[in-house]
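To start, the structure itself, in structure tokens.
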Amino acid sequence: MKQSFFEIGQIVNTFGIKGFVKINPFTDDLERFEELKSVFVVKNKELIEMQIEEVKYHKHLVLVKFKGIEDINMAEKYKGCYIKIKRENARKLPEDTYFIADLIGIKVYDEDGNLLGKVDDIYNNKSTDIYVIKDDLGKQILLPSTKEVIKQIDVDEEKMVVHLINGLV
């Protein structure tokens, strides 16, 4: 099932005394934050829409000033909160590229139709993404996201077909 919101970062701290927050981005494209007029902050399991007033950068973090957050004390209340955007505000992806949120939980089959498990996690090892496939017993298979291994992904059907190379399993 496609999610209607995507997590794009987490507020990890405040920055300065004027109400800026430091956001650890969950996107490769930091400038993405400059295109957003507002985001949703998850606080106490509620989505609070907040208008973006200003965006800056500090090392690998994004610094954001929200309208109405005027000082460090107000900003402090949002420490640890996650930042989300609506799916329709997400960038269009190139062909054969997927949002991680759409891949987590889909069923993974080998080319013979045997269910291997579900995508439990995805991480990047610098050269490629690694899909963590977990079965009902908790057994894990780690698969590289290469054309040789990943044969088909159908997000709508929530199905992935993979070619298991000797030594992978």
Count of segment 122-148 residues which are assigned to a loop (DSSP other than H, G, I, E, B) and either of a type outside the set (V, I, T) or more than 16 Å from T97 (Cβ to Cβ) (or both): 11
Segment 13-45 - residue that is closer than 19 Å to R87 by Cβ and assigned to a strand (DSSP E or B) and, of those, modelled with the lowest pLDDT: P25
Subset tally (residues that are open to solvent by 90 Å² or more (accessible area, probe 1.4 Å) and of a type in the set (A, V, I, L, M)) for segment 61-120: 2
Residues of segment 1-29 satisfying the condition of being more than 16 Å from K79 (Cβ to Cβ), aliphatic (A, V, I, L, M) and open to solvent by 40 Å² or more (accessible area, probe 1.4 Å): M1
Options D154, D129, D135: the member that is open to solvent by less than 70 Å² (accessible area, probe 1.4 Å) and either modelled with pLDDT under 90 or of a type in the set (A, V, I, L, M) (or both): D129
Single residue of segment 149-169 satisfying the filter (free of Cβ contacts under 8 Å to residues at least 40 places away in the same chain, part of a loop (DSSP other than H, G, I, E, B) and among the β-branched types (V, I, T)) that is farthest from K107 (Cα to Cα): I165
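The values are calculated or read from the model by the stated rules, or taken from the named source; none is laboratory data. Bear in mind that the values here come from a model prediction, so they are computed numbers and not experimental data. With ideal geometry, Cβ positions are generated from the backbone for all residues, glycine too; neighbour counts draw on all protein chains shown. Ligands, DNA and RNA are excluded from the accessible area calculation, which covers all protein heavy atoms including side chains. Shrake-Rupley method; radii C 1.70, N 1.55, O 1.52, S 1.80 Å.
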